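Notes for the one structure printed next.
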């Protein structure tokens, strides 16, 4: 069994994490030198709209623009200018796809050599009489055993039964999969228990010409697949300040952690990894904490909820914090070094984590995470889950 008790070293001065509101602000957040166009959360972006990333000084280190949550997943080709101050798509690059969702991931280095990161997204125009569903996981991905198939629709669905019936999920080996609606714009699917490792899942989206609401018809007819990888589940005990990591049911590591402080506790319950970022920015002004923190280079960030709960590397706390005290603003912190390292607990965990892995928190003073906060549907029992189907 591995243990990380001897790996801790002293670094840094800040405290920072997110609580229960969205993490990323818009492009005008104070102190954010990275400028991205279209703005974060922009909707109805035209196919020929400008895409641009700039910094006033320093240089761009990495820019990645990707069509996501769609079977036509692909990266927008582009390049950083010779002076390092801007990025733009290659000349002659294909137009943006209509009815698509795009992510923009940027890492920059300022004049003092300090790294900063931004992660934004925008959606492109959908014709007024059409609706689509942005979905996860990605086509042809390998995921953890807790993955939930999730559709976010761009318009309210009134005819839920017709829409749910038009999405067919088949598995090998065969297992019952049921849908559950969270309001009129979100439909999730899962089996009764975590997927078996090695399961092959095919999702056939037959929404084209399905009337989702009066006069509004679906425009998608596509198929995507994913494979379930090995089983990895992690149990975070907020009172004991530990995280037990299990592979295929066997305990492989007990990692010291720090969770949410008394006034900013961490949610209890089962949370599913939905994003992985080698480095990202966490700014207290975007989550209601004022100027308490602004950490531009948080390493090894693993998103657990839509509202902003992460499991991430922490290089600013003293080493005796991990395993003994809860000091964060709601996230789960693992020991790391500035810039991130694979030799730290955070780096070790990040490199062994898949989207779809489950992290469960117990013994926190907070409530259980809501089932629609991220991929939190495992916090509903099977009977309650099936009761949320329009086909019951």
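The values are calculated or read from the model by the stated rules, or taken from the named source; none is laboratory data. Since the model is a prediction, treat every value here as computed from it, not as a measurement. All Cβ positions, even for glycine, are placed from backbone atoms using ideal geometry, and neighbour counts span all protein chains on display.
Numbers below:
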{"item": "Among the candidates 350, 322, residue that is touching a helix residue (DSSP H, G or I) at 6+ places or on another chain (Cβ under 8 Å) and either surrounded by 16 or more Cβ atoms within 10 Å (Cβ to Cβ) or in contact (Cβ under 8 Å) with a residue 60 or more places away in the chain (or both)", "result": "322"}
{"item": "Tally of residues being in contact with a strand residue (DSSP E or B) (Cβ under 7 Å, 6 or more places away or on another chain), over 17 Å from residue 135 (Cβ atoms), assigned to a strand (DSSP E or B) and in contact (Cβ under 8 Å) with a residue 24 or more places away in the chain across the range 206-262", "result": "20"}
{"item": "Subset of the range 339-362 (residues that are closer than 17 Å to residue 314 by Cβ and either in a loop (DSSP other than H, G, I, E, B) or modelled with pLDDT under 95 (or both))", "result": "339, 340, 341, 342, 343, 344, 353"}
{"item": "Residue among 124, 66, 54, 120 that is over 24 Å from residue 301 (Cβ atoms), surrounded by 13 or more Cβ atoms within 10 Å (Cβ to Cβ) and at pLDDT 90 or above", "result": "124"}
{"item": "Selection count where residues are more than 16 Å from residue 88 (Cβ to Cβ) and surrounded by fewer than 18 Cβ atoms within 10 Å (Cβ to Cβ), scope the range 30-39", "result": "4"}
{"item": "Residue 169, sole failed condition from (1) in contact with a helix residue (DSSP H, G or I) (Cβ under 6 Å, 6 or more places away or on another chain); (2) surrounded by fewer than 19 Cβ atoms within 10 Å (Cβ to Cβ)", "result": "(1)"}
{"item": "Odd one out for residue 172 among (1) without any contact (Cβ under 8 Å) to a residue 60 or more places away in the chain; (2) within 18 Å of residue 390 (Cα to Cα)", "result": "(2)"}
{"item": "Odd one out for residue 259 among (1) more than 23 Å from the chain's Cα centre (by Cα); (2) outside the structural domain of residue 176 (by TED's automatic domain parsing)", "result": "(1)"}
{"item": "Residue match in the range 176-185 (condition: farther than 26 Å from residue 248 by Cα and out of contact with any strand residue (DSSP E or B) (no Cβ under 9 Å at 6 or more places or on another chain))", "result": "yes"}
{"item": "Any hit, the range 363-370, residues being within 23 Å of residue 190 (Cα to Cα), in the same structural domain as residue 296 (by TED's automatic domain parsing), assigned to a loop (DSSP other than H, G, I, E, B) and free of Cβ contacts under 8 Å to residues at least 24 places away in the same chain", "result": "yes"}
{"item": "Filtered residue count, the range 175-196, keeping only those that are over 22 Å from residue 156 (Cα atoms), surrounded by 14 or more Cβ atoms within 10 Å (Cβ to Cβ) and either in contact with a helix residue (DSSP H, G or I) (Cβ under 7 Å, 6 or more places away or on another chain) or free of Cβ contacts under 8 Å to residues at least 12 places away in the same chain (or both)", "result": "0"}
{"item": "Sole exception among (1) farther than 30 Å from residue 249 by Cα; (2) part of a strand (DSSP E or B); (3) at pLDDT 95 or above for residue 170, by number", "result": "(1)"}
{"item": "Criterion: in contact (Cβ under 8 Å) with a residue 60 or more places away in the chain and surrounded by fewer than 20 Cβ atoms within 10 Å (Cβ to Cβ) - qualifying residue of 114, 85, 59, 94", "result": "114"}
{"item": "Filter result (crowded, with 23+ Cβ neighbours inside 10 Å and either assigned by TED's automatic domain parsing to the domain that holds residue 135 or not in a strand (DSSP E or B) (or both)) within the range 263-283", "result": "266, 267, 273"}
